[in-house]
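One structure is given here, and the rest of the page talks about it.
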Amino acid sequence: QTKPGLPVTPHLYHRSATEVEATRQACHAALAEGVAVCLAGGTHHAFREHGEGYCVFNDVAIAIRDLQMKQPGIKVMVVDTDAHQGNGTAAILGDDPRVFTYSIHVGKNQGSMDVETVRYVEGEMYLKQLFSTLAAALDAFAPDLVIWIAGADNHRNDRFGQMHLSVKDLQKRDDVLLRAFIRNRVPVGVLYGG
């Protein structure tokens with residue numbers, strides 16, 4: 001069963017399965033190299049039993065389960081700065097104490113830490129909320145790996161994002177977060193997201 005908002009075809013299945021494999025490999029590469037980037041992935045609206053919101057398979061949950069098969073005690077934090085909450089990721093992984101889901105978004109709350117912003121939040125307010133709450137989450141959880149769903153749909157010109165960030169705001173977000181992960185020696189797999 002699927003509600004992805006896309007026509008369900010063999011091509012869509014193949015593309016989505018390829019995206020899952022790219023995310024899985026990016027996570028393994030991040031653990032080995034410190035940083036890895038996948039220019040796809042972050043399909044955080046897909047649930048265990050169905051796709052949703054243009055997401056067919058939840059690549060993040062699959063990659064985490066793959067990592068756990070090889071390293072059962074690994075602690076993984078999902079940092080979701082896409083404009084929308086990773087509802088599928090939180091639903092699939094919410095009962096796993098080895099996984100912490102952090103999301104900053106407009107509306108909905110159900111993950112380990114959900115930071116709700118006001119609709120059409122401006123860059124300065126968004127960045128202040130993000131930096132303070134994420135720092136606290138990282139201190140509390142101390143992950144072995146971060147999977148960061150970066151997202152660009154919080155840009156002011158995105159018609160679905162309901163945020164009002166500029167390119168400079170997004171650049172500052174990305175620069176501060178990536179430097180923080182590297183400085184603290186936390187491996188990070190970066191996914192594109194929305």
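The values are calculated or read from the model by the stated rules, or taken from the named source; none is laboratory data. Keep in mind it's a predicted model, so treat the numbers as computed, not measured. Glycine also receives a Cβ, built like all others from the backbone with ideal geometry; neighbour counts cover every protein chain displayed. Accessible surface is based on the protein model in full, side chains and every heavy atom, while ligands, DNA and RNA are left aside. Shrake-Rupley method; radii C 1.70, N 1.55, O 1.52, S 1.80 Å.
Which of GLN129, ALA180, LEU191 sits closest to the plus end of the dipole of the chain, meaning its Cα is farthest towards the positive end, when Lys and Arg get +1 and Asp and Glu get -1 on the C-beta?
Towards the positive end, the residue furthest out is ALA180.
Could you give the length gained on full extension between MET69 and ARG159, defined as 0.36 nm per residue of separation minus the Cα-Cα distance, in nm? Don't skip to the answer; put the middle values down first.
Working: separation 90, 0.36 × 90 = 32.40 nm, distance 3.92 nm.
Difference between extended and current length: 28.5 nm.
Any idea of the accessible area per residue across the chain, 1.4 Å probe, to the nearest Å²?
Details: 9670 Å² over 194 residues.
I get 50 Å² per residue for the chain.
Only helical DSSP H runs with n ≥ 4 go in: add -39500 (n - 2.57) per run for the chain, normalise by residue count and round the 222 nm mean residue ellipticity to 500 deg cm²/dmol.
-13500 deg cm²/dmol
Within the accessible area of the chain, what % is carbon and sulfur when the probe is 1.4 Å and the other protein chains stay in place?
Numbers: 5400 of 9670 Å².
Result for the chain: 56 percent of the exposed heavy-atom area is carbon or sulfur.
Whole-Hz ³J(HN,Hα) for each residue in segment 139-156, computed from phi via Karplus 6.51 cos²θ - 1.76 cosθ + 1.60 with θ = phi - 60°, x for glycine and proline: what do you get?
Values, residue by residue: 5, 6, 9, 6, x, 7, 8, 10, 9, 9, 8, 5, x, 10, 7, 8, 5, 4 Hz.
How many angstrom separate the Cα center of segment 87-131 from the Cα center of segment 15-51?
Each part's Cα centre sits 19 Å from the other's.
Which cross-chain or sequence-distant (5 or more) residues have an amide H under 5 Å from the amide H of MET163, H modelled 1.01 Å from N in plane?
Here the answer is TYR120, since their amide H atoms fall under 5 Å of that of MET163.
Answer rounded, prolate or oblate for segment 86-194, using the Cα gyration tensor with square roots of eigenvalues a ≥ b ≥ c: rounded when a/c is under 1.5, else prolate when a/b is larger than b/c, else oblate.
The shape class here is oblate.
Tell me, what is the 1.4 Å probe accessible area of TYR13, in Å² to the nearest 10?
Looks like 140 Å² after rounding.
Largest first and in whole Å, give the semi-axes of the chain's equivalent ellipsoid, each being the square root of 5 times a Cα gyration tensor eigenvalue.
For the chain, the semi-axes come out at 23, 21, 15 Å.
Pull up the DSSP beta bridges for segment 1-116 and report the antiparallel fraction as a percent, rounded to 5.
The answer is about 10 percent antiparallel.
Work from the charge dipole of segment 7-100 (Cβ charges, +1 for Lys and Arg, -1 for Asp and Glu, about the Cα centre) and give the residue of ALA40, VAL8, LEU93 farthest towards its positive end.
LEU93
For the chain, what proportion of DSSP beta bridges, expressed in % and rounded to the nearest 5, is antiparallel? Please list the in-between numbers first.
Details: 1 of 29 bridges.
DSSP beta bridges in the chain are roughly 5 percent antiparallel.
Taking the Cα centre of the chain as the origin and placing charges on Cβ (Lys, Arg +1; Asp, Glu -1), which of ALA30, TYR54, VAL106 is farthest toward the positive end of the dipole?
Working it through, the farthest residue towards the positive pole turns out to be ALA30.
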